[in-house]
Structure formats: C-alpha cells, structure tokens
Amino acid sequence: MSFICANCVGEPYLRRLIDETATPENPCEYCDEGLRSADLWMVANLCDEVIDTFFEESSHTIAVVHFGRTPAGLDLQETISQLTQTPQAAVEIIVDYLGELWFDADSGESRYGDDDPWFVRRPSMAETLGHAWREMEESLHSEVRFFNPKATELLDRIFGEIADDRDNEGQSMVILAGPDAPLEALYRGRVFQTDESLASALSWPERFLGSPAPGVGAAGRMNGKGQPAFYGATSPEICIAEVRPPVGSRVALAAFEVVRPLRLLDLRRLSGVELRNGASLFDSATRAAAQRRDFLKTLGERLSALVVPELQDRDYLVTQAVADYLAAHTTLNVDGVIYPSAQARRPGERAEGDNVVLFRKACEVIDADGSQATADISLWEYEEDGPGRWFSPSILFKEREVPWRENRSVHPALRLKRESLVIHDISAVRYDTKSDVVSGVSSLNDRHYC
C-alpha cells in the first residue's frame with residue numbers, strides 16, 4: 001500500500017477527494033510534511049473509471065500492430081501523469097495498481113493485453129443520449145404523443161441547463177432579435193398557382209402572408225395542425241427555397257419587421273457547447289455533462305434535417321414535441337428558434353441563410369386581426385383599346401384602425417414592411433444531385449439456371 005496527501009496532487013477535484021478521505025494513520029510517502037494521506041489504491045480505482053469512461057485504447061489498431069506505427073495519444077504513464085498531476089513515483093504505483101485491476105485471474109489475460117497500452121480521448125460520448133433520443137422518437141410515434149414522460153425526462157436532460165451554456169467563443173445559446181438587434185426583420189413567402197388566390201391574399205397581406213390564424217394552419221416542423229407559428233427566413237433566397245414552389249407558380253414574398261425584443265434559441269451554436277471551466281474528469285457529474293455536450297453537437301442537425309413530404313407526419317412529431325417544450329420552458333424563456341436552412345445548403349458548404357420559427361407567443365402580425373382587408377390589389381394592366389395585358393401588380397393600402405383588445409394574451413411581435421412586397425415568377429428550378437450507379441443489373445437472358 002502507498003499513501004499520498006492532498007498537497008502532492010495537482011488535479012483540483014482529485015485533491016479535494018483525497019483531502020476528504022485522508023486519515024492521519026499513514027503519513028504521505030511523497031513529501032516530508034507529515035500530512036494526512038489517502039491510499040493510492042483509491043486513486044487507481046478512480047483512474048480506472050475515468051479511463052473507461054473518457055478514453056479508448058489506441059495501441060491495438062492495424063496501423064500499430066501490422067505496420068509498427070507509434071500509437072496515437074499517450075502511453076499509460078503519461079496519461080496518468082496528466083490526469084492526476086502527481087509525482088512520478090506515485091504515477092508508477094498507480095500504473096502498477098491498474099495492472100492488477102485489469103488482470104483477469106480466470107483467463108490469465110489483461111484487459112488491454114500484455115503490452116503497455118496507449119490511450120486517446122473518445123471522439124464522442126453521445127451514444128447514451130442518442131439511444132434515449134431514439135427511444136423517445138419511438139414512444140412519440142407508438143405510445144403517447146402528449147404529456148409523454150420519456151420525452152419530458154429526456155428534454156429536461158438536454159435543455160435543462162441550456163440557459164447557462166456557452167460555446168467555444170463564450171457566446172450564449174440564445175440570441176436577440178428585434179429593434180437594435182442584429183436580426184431586425186424576417187422574410188416570409190407563400191406559393192400561389194392562380195391569380196385569384198394571389199389577389200385574395202394580397203388584399204390582406206398581414207393575415208395571409210403572416211402566420212395562419214389559430215385552428216387554420218397545417219402542421220409544420222415546429223407546430224402541430226392549427227397551432228400558430230411564424231416560419232421565416234433571414235434572406236429572400238432562403239425563403240423562396242423553403243416554400244419549394246413549382247415551375248409556373250408565383251411566390252409572394254415580404255419582409256416582416258420584428259417590433260419588440262425576442263429571444264431565439266440558436267441551434268447553430270449547440271455544436272460548440274463546452275464543458276464548464278474547471279470540469280474534472282474525476283467528478284461524476286462531468287460524465288453526464290460530456291455526454292450531453294457531445295449529443296448537442298448533433299442535435300442541431302437532428303432538428304433541422306431535411307424531411308421529405310411523405311414522411312413529414314411521422315418525422316415532425318419529435319421536432320414538434322421539442323418546440324412545445326421550449327415554448328413552455330419558463331427558465332429559458334425563448335420566443336422561437338433559429339437554425340440553418342436544409343433546402344439551400346449544398347453538401348460541405350455553409351448555408352447562405354437561416355430559418356427562424358416563432359412560437360405562438362411571438363408570431364402575431366400587426367393588422368392581421370379584425371374583419372376587413374387592408375389593401376386594394378390589381379395584378380394586371382390592359383391595353384386601352386385591345387385584348388393585350390401584362391402582369392403589373394399594384395397595391396393600395398387602406399387607412400385602418402383596429403381597437404386594441406385589453407384581454408388579448410399575445411402582443412404582436414411583427415409588422416409587415418409594406419414596401420418590401422415582391423412577387424416572384426418561378427420560371428425554372430435547378431437541383432444539385434449525387435448520382436449512384438446501380439450495380440449487378442442483368443437481363444433474364446443473361447441468367448443461367450441448372
């Protein structure tokens with residue numbers, strides 16, 4: 001047995017553990033202070049847990065075994081030295097103890113073989129939460145959609161501390177939109193295939209280009225059927241791509257000014273979440289924090305991944321549950337989310353803009369209520385003495401006063417920028433594709449039968 005005092009350990013959390021368990025019976029063997037000490041066997045067991053949790057062996061890869069290359073990472077002694085920050089003599093004792101812990105008397109073999117193992121940090125610890133996420137998806141699909149305990153428990157684990165998270169640049173996961181914020185306006189568009197439907201919508205663009213009224217809209221990525229939400233984009237190009245217009249249709253597009261401060265959860269930053277400063281691998285809480293950090297690196301992609309129309313009803317269940325959770329999260333207090341556009345992003349490139357979804361409490365547009373249209377609209381000009389005509393849309397807004405409802409639960413967050421209205425004729429669509437050749441194709445005449 002070998003004993004060490006807290007003063008001879010450099011790793012802060014481990015030093016505290018040793019100080020809490022130290023006794024005066026055996027003096028420290030690595031200094032002359034005569035201080036209380038703890039058994040290095042305890043330290044070796046803690047190191048065993050840390051290595052098993054946060055590291056993987058790198059000394060039995062093909063490159064090392066067959067080609068004699070130097071393993072990646074560090075050998076066991078250097079790994080323990082950096083982990084514990086103890087004197088070299090103590091490191092050697094810990095390594096000896098680990099050899100005993102890893103030896104299986106029944107098989108006569110060591111966990112990492114007979115040679116000195118080398119270790120690297122695990123590239124990801126996300127699998128535990130990834131498995132829980134898949135279980136939540138299955139539960140939402142086949143068991144309980146609303147008030148699902150599996151979903152609530154997992155989302156608490158994922159988002160419970162999101163308000164305190166920071167990325168590798170020290171930025172919060174929440175960004176501001178609205179007056180004097182970097183994001184002051186959002187673009188929104190609708191597809192129209194007939195002149196009648198286009199003219200009808202433009203006679204009241206605040207209502208028909210803004211978010212649908214309660215009970216009217218279709219289900220979307222972040223809202224259930226009939227549940228209001230505002231789907232916008234940070235650029236007109238992204239907006240057009242997101243509504244997926246067919247050739248021959250028209251897209252009416254407008255900018256909406258954000259008139260009051262809003263808080264948006266930035267899914268783009270989740271991949272940069274870091275562990276808190278000073279997080280120790282010897283602290284049991286760090287394991288859960290590291291699993292969550294690594295899972296968050298994939299969460300933005302999970303929530304913003306492209307979903308084909310045929311699978312929308314199924315795949316949107318999970319993102320809708322996340323949106324409901326976030327909208328009701330009192331500590332985080334967000335009004336919506338911002339995430340990269342999947343429609344306008346080429347493989348390996350950063351998207352040229354982002355999508356924004358505003359929840360019910362922040363999706364109302366000024367002048368979208370009431371019972372009267374807000375504008376007169378004309379789409380065509382005609383020859384004075386002939387049958388010819390040409391598309392020349394014009395709009396004349398009416399003066400309108402809508403009495404304020406004292407008992408309204410939602411205050412408008414958006415105002416249509418009337419001068420921004422544009423109608424796009426969709427004349428062509430281009431696709432970026434990846435081709436895969438079908439192999440093994442043969443005709444019936446080429447087959448041979450016995």
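The values are calculated or read from the model by the stated rules, or taken from the named source; none is laboratory data. Just so it is clear, the model here is predicted, and its values are computed rather than measured. Reconstructed Cβ throughout: ideal geometry from the backbone, glycine too, with neighbour counts over all protein chains shown.
Listed values, structure above:
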read-out: Condition met for LEU155 (surrounded by fewer than 17 Cβ atoms within 10 Å (Cβ to Cβ), hydrophobic (A, V, I, L, M, F, W, C) and either touching a strand residue (DSSP E or B) at 6+ places or on another chain (Cβ under 9 Å) or assigned by TED's automatic domain parsing to the domain that holds LEU396 (or both)); value: no
read-out: Hey, ASP106 in the same structural domain as GLU29 (by TED's automatic domain parsing), over 28 Å from THR70 (Cα atoms) and not in a helix (DSSP H, G or I) or not; value: yes
read-out: Residue ID - surrounded by the most Cβ atoms within 10 Å (Cβ to Cβ), chosen from residues in segment 92-112 that are closer than 15 Å to VAL50 by Cα and among the aliphatic types (A, V, I, L, M); value: ILE94
read-out: Residues being surrounded by 16 or more Cβ atoms within 10 Å (Cβ to Cβ) and of a type in the set (Ser, Thr, Tyr) - total across segment 129-152; value: 1
read-out: So VAL191, is it in contact with a Ser or Thr (Cβ under 6 Å, 6 or more places away or on another chain), at pLDDT 95 or above and either under 23 Å from ALA375 (Cβ atoms) or assigned to a loop (DSSP other than H, G, I, E, B) (or both); value: yes
read-out: TYR382 at pLDDT below 80, among the aromatic types (Phe, Trp, Tyr) and either surrounded by fewer than 13 Cβ atoms within 10 Å (Cβ to Cβ) or under 28 Å from VAL247 (Cα atoms) (or both); value: no
read-out: Of all residues making up segment 101-123, the number that are more than 38 Å from the chain's Cα centre (by Cα) and in contact (Cβ under 8 Å) with a residue 24 or more places away in the chain; value: 5
read-out: Every pair of residues 6+ apart whose Cβ atoms lie under 6 Å, when the first sits in segment 69-89 and is buried (at least 21 other Cβ atoms within 10 Å of the Cβ) while the second is in a loop (DSSP other than H, G, I, E, B); value: LEU76/ASP116; LEU76/PRO117; THR84/GLU11; THR86/VAL9
read-out: Residue that is in the same structural domain as PRO182 (by TED's automatic domain parsing), free of Cβ contacts under 8 Å to residues at least 40 places away in the same chain and not aliphatic (A, V, I, L, M), where the choices are ARG276, ARG260; value: ARG276
read-out: Residue ID - nearest to ALA428 (Cα to Cα), chosen from residues in segment 239-298 that are basic (Lys, Arg) and out of contact with any Phe, Trp or Tyr (no Cβ under 9 Å at 6 or more places or on another chain); value: ARG244
read-out: Residue that is touching a helix residue (DSSP H, G or I) at 6+ places or on another chain (Cβ under 9 Å) and at negative phi, where the choices are ASP156, ASP115; value: ASP156
read-out: Complete set of residues in segment 387-401 that are free of Cβ contacts under 8 Å to residues at least 24 places away in the same chain, part of a strand (DSSP E or B) and not aliphatic (A, V, I, L, M); value: ARG389, TRP390, SER392, SER394, PHE397
read-out: Residue list for segment 353-386, filter: assigned to a loop (DSSP other than H, G, I, E, B) and within 26 Å of the chain's Cα centre (by Cα); value: GLY353, PHE359, CYS363, GLU364
read-out: Options PHE295, PHE256; residue that is aromatic (Phe, Trp, Tyr), under 30 Å from THR84 (Cβ atoms) and not in a loop (DSSP other than H, G, I, E, B); value: PHE295
read-out: Yes/no for GLU137 being farther than 30 Å from ASP315 by Cα and either touching a residue at least 40 places away in the same chain (Cβ under 8 Å) or assigned to a helix (DSSP H, G or I) (or both); value: no
read-out: Count - residues of segment 210-241 that are of a type in the set (Lys, Arg), surrounded by 16 or more Cβ atoms within 10 Å (Cβ to Cβ) and free of Cβ contacts under 8 Å to residues at least 40 places away in the same chain; value: 0
read-out: Those residues of segment 242-282 which are surrounded by fewer than 18 Cβ atoms within 10 Å (Cβ to Cβ) and farther than 28 Å from VAL357 by Cβ, in sequence order; value: GLY248, LEU275, ARG276, ASN277, GLY278, ALA279
read-out: Test: residue in segment 297-312 that is buried (at least 18 other Cβ atoms within 10 Å of the Cβ), of a type outside the set (A, V, I, L, M), in contact (Cβ under 8 Å) with a residue 40 or more places away in the chain and within 30 Å of ASP52 (Cβ to Cβ); value: yes
read-out: Out of LYS398, LYS434, sole residue that is at pLDDT 80 or above and within 30 Å of GLU196 (Cα to Cα); value: LYS398
read-out: Residue match in segment 38-59 (condition: in contact (Cβ under 8 Å) with a residue 60 or more places away in the chain, surrounded by 15 or more Cβ atoms within 10 Å (Cβ to Cβ) and in contact with a Cys (Cβ under 6 Å, 6 or more places away or on another chain)); value: no
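Let's see how each residue does on (1) of a type in the set (Ser, Thr, Tyr); (2) modelled with pLDDT under 90; (3) in a loop (DSSP other than H, G, I, E, B):
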residue	(1), (2), (3)
LEU270	no, no, no
PHE282	no, no, yes
ASP315	no, yes, no
ASP324	no, no, no
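Residues checked against (1) under 21 Å from GLU29 (Cα atoms); (2) at pLDDT 95 or above; (3) of a type in the set (Ser, Thr, Tyr):
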{"position": "HIS60", "(1), (2), (3)": "no, no, no"}
{"position": "ALA63", "(1), (2), (3)": "no, no, no"}
{"position": "SER81", "(1), (2), (3)": "yes, yes, yes"}
{"position": "GLN88", "(1), (2), (3)": "yes, yes, no"}
{"position": "VAL91", "(1), (2), (3)": "yes, yes, no"}
{"position": "ILE94", "(1), (2), (3)": "yes, yes, no"}
{"position": "GLU109", "(1), (2), (3)": "no, no, no"}
